[in-house]
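The values are calculated or read from the model by the stated rules, or taken from the named source; none is laboratory data. Because the structure is predicted, anything quoted here is derived from the model rather than measured. Please note: Cβ atoms are built from the backbone with ideal geometry, for glycine as well, and neighbour counts cover all protein chains shown.
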DNA sequence: ATGAAAGCGCTAACAG
DNA sequence: CTGTTAGCGCTTTCAT
């Protein structure tokens, strides 16, 4: 079983194993005709390098680890796809690594993971990427990593990163609602553990301020990135003496919960109340009406991060990259109902 | 860098490397006091076995591959969680392997994957698990695998499998609708590539037959497991001269599409039309009204399959296992509107 | 119950 | 440009 080995190929091609290794790894220093001969032998024997052997003998295993602790299935899948695309392209392997970002042993766990399989480096996604103390430890262990964070601009802190401007996108969504004529806009917050949640809240506040509107505590409901909190939060907003005419959910799942709350309360969206989300997850397209949201290409973001990591592993220079989620307007937002108070139905 | 090796531990404990290896792998043949000493040394040196070395030198790498080709994010995540739970528990690694189940080289691709990393065995999920020719080849390569299939009972074909009775669950959902009093029930089919789709259709037909109702072609709309096909399919049903009073979508995403179609047509669910899905994905809980569906614990199913595979790898006897998705009744289904034709709103 | 020697298949560090 | 010699860290023999 197993397939042909380096030595088999070497014998067949009449060269040394090392030469075959060189060809297999695309090193320049092989005479074209020798290379040709080796290539033929590889083909003939259907040779595939054994990744374990390569990893064991080399400095690292040409495999990166994708680390995440995120309850959002779409997000995870998108990230995996992005990482896989980059890994396939660069001939790296991928190991996925769900983890508990709140664990006190986070850094040690990741270190062990890296050592046990000679992982070449890590892509850290939110919220793991926000555990700064753990990151410092990781750096201390000399483990290469790249992190994806929520920030309005390049932190320039010599930890390579991809930064996503959640604040700006949240500002754009809020502005969209303001321009439609909404004066009272509710905000359903995401989990405190996520920096992105704070950034989005900031974008919301900035936009209100920019329009000279007051920031009201009762309009900013706390919660986590889950449907139920969206539902409950929206209910609380509807029950206000002066309910908002629009609600901005910190992500699409929260917004879906708000949408359900509206429908269960007999409110029609967007006629009685506008609702916007964030993320452009399938949720936002698969509801009725579909949700206005901010498109955040987690797949592309993670793919870039993965490429940066691989460059870093190869000691090539890497520059941080920024991403701006873009506003996607769909049916769930419209101008507020003109004069009269919202009418209740059913 | 790296951590302590077997030899380091051996030196520290004053035994041979092999003895440490025995302890690390939980072999019986070590005197308790020796084991104790070794364990202490392992602890002291914070030793972690190197998985690459173990995999290279052993017969296989104590790692299983989870193979899937499925567009459904929730499904994939649930499967990964199940596989991970089993792998963590059994001290196996996990490699995920998205693939194109229609590729003509499927078997060869998987074989290469297995050989390159000395993967111990594969868990094949639908629809990969339904490519019987590829499976035969895989078996020919002596690659251990377990498959998850949609079947009403144990196929007993000496390929170990977990079989999920989609037909029975679809029968239960249809019966639920019939018992509510629905006489015309639409069925939105899933992708032809998936055997489960045919099984669910069969369950639907069986139930109608059991109730002495005719099976009408115009009520069974073709499509794929995607939201848009659910939307379009439902629209077609609504446009029928005599539209159904209930719609059974082949999975939750399709049902969500049907729900959106109903809402966009001004039909109220469940008052004007009942809608049921299949899968119990978050979709079904996060819509309004939440969807009646069949709970299918992909995580548990895959966890079992993974355990079976590991048992098989260890040459332990394995028995096939069956799963029955269970009916979950939620707000999207209700008795049909009494006499009068459905009223259109807005 | 324990150990010694010989690899697993590859790459690193040197030669030539 | 190409080959040689050592390992990488573990598990397999097979002894003892």
Those residues of region B:50-59 that are out of contact with any strand residue (DSSP E or B) (no Cβ under 9 Å at 6 or more places or on another chain) and either assigned to a loop (DSSP other than H, G, I, E, B) or more than 10 Å from DNA strand C (Cβ to nearest atom) (or both) come to a total of 3
| field | residue B:84 vs. criteria without any contact (Cβ under 8 Å) to a residue 12 or more places away in the chain, more than 12 Å from DNA strand C (Cβ to nearest atom) and touching a strand residue (DSSP E or B) at 6+ places or on another chain (Cβ under 7 Å) | value | yes
Among (1) touching a helix residue (DSSP H, G or I) at 6+ places or on another chain (Cβ under 6 Å); (2) buried (at least 20 other Cβ atoms within 10 Å of the Cβ), residue A:127 falls short only on (1)
_Going by what's in this entry, would residue B:121 be described as within 16 Å of DNA strand D (Cβ to nearest atom) and away from chain A (no Cβ under 11 Å)?_
yes
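Okay, residues lined up against (1) assigned to a loop (DSSP other than H, G, I, E, B); (2) within 12 Å of DNA strand C (Cβ to nearest atom); (3) surrounded by 13 or more Cβ atoms within 10 Å (Cβ to Cβ):
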position	(1), (2), (3)
A:4	yes, yes, yes
A:18	no, yes, no
A:22	no, yes, yes
A:26	yes, yes, no
A:30	yes, yes, yes
A:33	no, no, no
A:39	no, no, yes
A:43	no, no, no
Being within 15 Å of DNA strand C (Cβ to nearest atom) and under 30 Å from residue A:102 (Cα atoms) narrows A:47, A:62 down to just A:62
Take residue B:262 and tell me if it is away from chain A (no Cβ under 14 Å), part of a helix (DSSP H, G or I) and modelled with pLDDT of 95 or more.
no
If we keep only residues of region A:270-309 that are at the interface with chain B (Cβ under 10 Å from one of its Cβ atoms) and surrounded by 23 or more Cβ atoms within 10 Å (Cβ to Cβ), then the residue nearest to residue A:87 (Cα to Cα) is A:281
How many residues of region A:72-107 are crowded, with 20+ Cβ neighbours inside 10 Å, away from chain B (no Cβ under 11 Å) and either over 15 Å from the mean Cα position of the chain (by Cα) or not in a helix (DSSP H, G or I) (or both)? The answer is 5
Restricted to region A:2-53 and to residues being over 40 Å from the mean Cα position of the chain (by Cα) and within 14 Å of chain B (Cβ to nearest Cβ), the residue nearest to DNA strand D (Cβ to nearest atom) is A:8
